[in-house]
Amino acid sequence: MINKVKGTYDVLPNESKIWQYLENYIKKLYESYNYNEIRTPIFEYSNLFHRDSEGSDMVTKETYNFKDKGNRDLTLRPEGTAGVIRSYVENKLYATNQLAKLFYIGPNFRYERPQKGRFRQFMQFGVEVIGSSDYLIDVENIYLAYQTVKGLKLKEFQLVINNLGDKVSKENYQKALFEYLNPFKDKLSPDSKERLIKNPLRILDSKSKEDQEILKDAPSINDYLSDESKNNFNKIKDVLEKLKVDFKVDDKLVRGLDYYSDTVFEIISTNKNFGSQTALVGGGRYNNLVKEVGGPDLSGMGFAFGMERLIEAIHLENIKLFEEPTIDAYFIHFNEVTKKEAFIIQANLRDEGFSSDLNYLNSSFKAQLKEGLRLNTRFLLILGEDELKVNQITIKDTKTSSQKTINKDEITSYLRGEKHV
Ligand code: HAM
């Protein structure tokens, strides 16, 4: 037997309905905020992700890189943002849309250690807004992510926001943090030791107890923010409060990618059975990415949800988002003659837009009946040979349990509800 690749999973038919539901829900919700869908390739040239400025583990250690037969260096996308920005720049969307509001849904690939909530192929949906640094875009993004979760009736979550400051504030803070942490370097966890040189900010979200102890007296980003940056963040918080959004400020939230500055946020699951990977969504503002990818000097803001984690959160709270699927008709037949006739009637019904199925296994009457009920069928259509000879068919309404024999030609109108209401 050949097994699935480590860190991947199959969406089986009993689970695919929730994926479809979510995809439709997202499209509808995001379009109502005037975001339009963009679809970009699953692989890109490696240098799109492996930029000098991006030193995050995700990009340096966790990407799937390969050479194609033309000796090109390619990478399976580990996230959606870089590809969307590449497409925005390459297609000069800035020429037609002064403000581009985009959303996307698709698979991403990271060579991470698989665990609960962490896969090597996973689905993200997210948004990118490019072309303005207006603080209300930050609010709109955070609010949309918040509404995405609320609209699914989830309750066990917490929105966390932070301000990393502009480029200069972030750099000054990074320096101060390094100076504070360097004397403790022998006591830091191995990961944090490595990060101390590359990006000390990332030590802030370390889960190691020793690191957390050392961080207790570390300088806070708040002491390094410019007045402008502070004002901007205050305006964001003010509108969020006016919108009655329940949020927490955490000055240790830095996020796992290096391209962020100013506003960052996450929504984490607070369900105690969720496992250690609690972020349902993460996002923030990026000021240099568009320029780095060869575009104009424009600011962007976005977020991405992990769909597997969102679905897990929905399951853990036992939320029922939709009724079990039903079909309109299930045909029960008795021999080759009635089976063939059922097949022909069924083809006509399907052409008229009804959902329908019949038994191809020549099962017993009892087994066919059971199957029809298992499929949540509304009408069971029973084709006896004698009845068929006089063009009649028995129809059983599973909702009312009433049963009737009708003329074959009346099936469509009967199913439409014209004859039995
Ligand atoms: P990220 O925090 O790396 O951000 O990923 C966003 C979300 O994707 C996470 O909160 C999580 O739900 C999900 N996720 C990430 N890695 C995995 C994995 N290995 N298995 C399952 N789920 C995972 C980004 O990707 C940014 N591009 C978000 C963004 C958009 N920032 C600005 N615009």
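Rundown of residues vs (1) touching a helix residue (DSSP H, G or I) at 6+ places or on another chain (Cβ under 9 Å); (2) more than 16 Å from the ligand (Cβ to nearest atom); (3) of a type outside the set (A, V, I, L, M), yes/no style:
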{"position": "274", "(1), (2), (3)": "yes, no, yes"}
{"position": "304", "(1), (2), (3)": "yes, no, no"}
{"position": "338", "(1), (2), (3)": "yes, yes, yes"}
{"position": "356", "(1), (2), (3)": "yes, yes, yes"}
{"position": "363", "(1), (2), (3)": "yes, yes, yes"}
{"position": "379", "(1), (2), (3)": "yes, yes, yes"}
Original post:
Hey, any hits in the range 289-307 for a residue that's under 22 Å from the mean Cα position of the chain (by Cα), in a helix (DSSP H, G or I) and more than 30 Å from residue 99 (Cβ to Cβ)?
Top reply: no
Original post:
Within the range 118-133, how many residues are polar (S, T, N, Q) and near the ligand (Cβ under 7 Å from one of its atoms)?
Top reply: 1
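Yes/no per residue for (1) touching a residue at least 60 places away in the same chain (Cβ under 8 Å); (2) in a loop (DSSP other than H, G, I, E, B); (3) within 19 Å of residue 121 (Cβ to Cβ):
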{"residue": "39", "(1), (2), (3)": "yes, yes, yes"}
{"residue": "55", "(1), (2), (3)": "yes, yes, no"}
{"residue": "62", "(1), (2), (3)": "no, yes, yes"}
{"residue": "66", "(1), (2), (3)": "no, no, yes"}
{"residue": "71", "(1), (2), (3)": "no, yes, no"}
{"residue": "79", "(1), (2), (3)": "yes, yes, yes"}
{"residue": "85", "(1), (2), (3)": "yes, no, no"}
{"residue": "95", "(1), (2), (3)": "no, no, no"}
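Within the range 198-210, identify whether any single residue is within 24 Å of residue 149 (Cα to Cα) and in contact (Cβ under 8 Å) with a residue 24 or more places away in the chain, and answer yes or no.
yes
Using the structure shown, decide if residue 310 is part of a strand (DSSP E or B), near the ligand (Cβ under 8 Å from one of its atoms) and within 16 Å of the chain's Cα centre (by Cα).
Values: part of a strand (DSSP E or B): no; near the ligand (Cβ under 8 Å from one of its atoms): yes; within 16 Å of the chain's Cα centre (by Cα): yes.
So residue 310 fails the test.
Name the one entry in 136, 152 that is in contact (Cβ under 8 Å) with a residue 60 or more places away in the chain and either within 13 Å of the ligand (Cβ to nearest atom) or not in a loop (DSSP other than H, G, I, E, B) (or both).
Numbers: 152 fails: either within 13 Å of the ligand (Cβ to nearest atom) or not in a loop (DSSP other than H, G, I, E, B) (or both).
Exactly one residue qualifies, and that residue is 136.
What residue, among those in the range 220-247 that are of a type in the set (S, T, N, Q) and under 16 Å from residue 176 (Cβ atoms), is surrounded by the most Cβ atoms within 10 Å (Cβ to Cβ)?
Here is the first cut: in the range 220-247, the ones of a type in the set (S, T, N, Q) are 220, 222, 226, 229, 231-232, 234.
If we keep only those that are under 16 Å from residue 176 (Cβ atoms) too, we end up with 220, 222, 226, 229.
Working: 220: 13, 222: 15, 226: 13, 229: 21.
In this case the residue turns out to be 229.
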**OP:** Give the residue that is nearest to residue 14 (Cα to Cα), with candidates limited to residues of the range 371-421 that are within 39 Å of the chain's Cα centre (by Cα) and assigned to a helix (DSSP H, G or I).
**Re:** 374
Original post:
Given 368, 346, which one is touching a residue at least 12 places away in the same chain (Cβ under 8 Å), closer than 23 Å to residue 14 by Cα, surrounded by 15 or more Cβ atoms within 10 Å (Cβ to Cβ) and under 42 Å from the mean Cα position of the chain (by Cα)?
Top reply: 368
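Each reported figure results from applying straightforward, stated rules to the coordinates on display, with no laboratory input. Bear in mind the structure is a predicted one, so any value in this text is a computation, not a measurement. Counting neighbours? That spans all protein chains shown, and the Cβs are built from the backbone with ideal geometry, glycine included.
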